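Some notes on the structure that comes next.
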Amino acid sequence: MFGEINFPGQHNDEQIILFLRRHWFIFFAHLLSILAGIAGLILAYFFFIFFDPSFSQSEYYSLLLFGESLGTLFIWNLFFILWLDYYLDAWIVTNERIININQKGFFNRDISELKLTKIQDVTSEISGFIPTLLNYGNIHVQTAGEKERFVFYQIPDPNKVKNVIVQLQEKEQREENIEAGRALRGEL
C-alpha cells in the first residue's frame, strides 16, 4: 500500500504499515483564520475609502497601502508556515517501529523513533464535538524508554490506528519471544 514511500534510515525488510498526517480539518480551520485575515484587510481598505471618498488623494493613502501590503505579506507567511507544519509533520508506523517527524517552523525538525517492542501502553483520545463528528483525535504511546510518551496529534481514526499499533506490537513481541527461546535452547 505504501510501497512507493521510502524514508531515510529505512531497513531493507521494513514495511510501512501506516503513514499519518493531521486530519484535513485542522488545516481547514487554520485556512479559515487566514481567510478572516484577508477579509479584515479588504474591509479595512474599503472602510477608509468609503468613510472618506477623498482619502485616495490624501497623503495617508500611501500609508494605508503600505500597511495593507505588510498585512498581506504577514498573512502569506503565516499561510506558508501553517502549510509546512501540516504537511511536514508525519507519523510513520512500520512493522518494526514508529517514527515521529515534527517540523517546528522553517528550519527545525525533530525525528524520533520507537521500537514496537518498547511500547507499554497505547491510548486513543477523541475530545470535543467536532473531533467526535469527524473522527479525529490523539494517540498516546507510553514507553519505558528515554522519551516516555509519543503523541500522535489530531490524526484521523485514532481508534483504528491504536488497534493497528497494538496488533503490530503484540506480533513483534511474540517474534522476539520466539527468538529469545531459540537462543536459550541454542538453536541459533
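Taking the range 53-74 as the range and being part of a helix (DSSP H, G or I) and among the small types (Gly, Ala, Ser) as the test, the residues that pass are Ser54, Ser56, Ser62, Gly67, Ser69, Gly71. So which residues in the range 87-123 are within 20 Å of Ile5 (Cβ to Cβ) and β-branched (Val, Ile, Thr), if there are any at all? Once the filter is applied, which keeps residues that are within 20 Å of Ile5 (Cβ to Cβ) and β-branched (Val, Ile, Thr), the range 87-123 yields Ile92, Val93, Thr94, Ile98, Ile99, Ile101, Ile111. Across the range 75-101, the qualifying residues are those that are polar (S, T, N, Q) and assigned to a strand (DSSP E or B), and the one among them that is farthest from Gly40 (Cα to Cα) is Thr94.
Out of Leu65, Leu82, one residue alone is closer than 30 Å to Val164 by Cα and either touching a helix residue (DSSP H, G or I) at 6+ places or on another chain (Cβ under 7 Å) or hydrophobic (A, V, I, L, M, F, W, C) (or both). It is Leu82. Number of residues in the range 79-120 that are among the small types (Gly, Ala, Ser) and over 11 Å from the mean Cα position of the chain (by Cα): the value is 2. Filtered by the rule that a residue be of a type in the set (Gly, Ala, Ser) and modelled with pLDDT under 90, the range 96-132 gives Gly105, Ser112. For the range 11-19, check the following and say yes or no: at least one residue is under 31 Å from the mean Cα position of the chain (by Cα), within 22 Å of Val151 (Cα to Cα) and loosely packed, with under 11 Cβ neighbours inside 10 Å. No, that holds for no residue. Could you check how many residues of the range 21-30 are touching a residue at least 12 places away in the same chain (Cβ under 8 Å) and among the aliphatic types (A, V, I, L, M)? Counting residues in the range 21-30 that are touching a residue at least 12 places away in the same chain (Cβ under 8 Å) and among the aliphatic types (A, V, I, L, M) gives 1. For the range 137-150, filtered to residues that are aliphatic (A, V, I, L, M) and modelled with pLDDT of 90 or more, the residue that is farthest from Lys118 (Cα to Cα) is Ile139.
Would you pick out the residues in the range 76-101 that are under 20 Å from Trp24 (Cα atoms), surrounded by 14 or more Cβ atoms within 10 Å (Cβ to Cβ) and of a type outside the set (A, V, I, L, M, F, W, C)? The answer is Asp85, Tyr86, Asp89, Asn100.
Scanning the range 173-188 for residues that are among the aliphatic types (A, V, I, L, M), surrounded by fewer than 10 Cβ atoms within 10 Å (Cβ to Cβ) and out of contact with any helix residue (DSSP H, G or I) (no Cβ under 6 Å at 6 or more places or on another chain) yields one hit, Leu184.
Residue-wise test of (1) at positive phi; (2) modelled with pLDDT of 90 or more; (3) touching an Asp or Glu at 6+ places or on another chain (Cβ under 8 Å).
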| position | (1), (2), (3) |
| --- | --- |
| Pro8 | no, no, no |
| Leu18 | no, yes, no |
| Ile38 | no, yes, no |
| Ile49 | no, no, no |
| Glu59 | no, no, no |
| Ser69 | no, yes, no |
| Thr94 | no, yes, yes |
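The values are calculated or read from the model by the stated rules, or taken from the named source; none is laboratory data. Predicted, not measured: the structure shown is a model, and the values here were computed from it. A quick note on method: Cβ atoms are made from the backbone with ideal geometry, for glycine too, and the neighbour counts reach across all protein chains shown.
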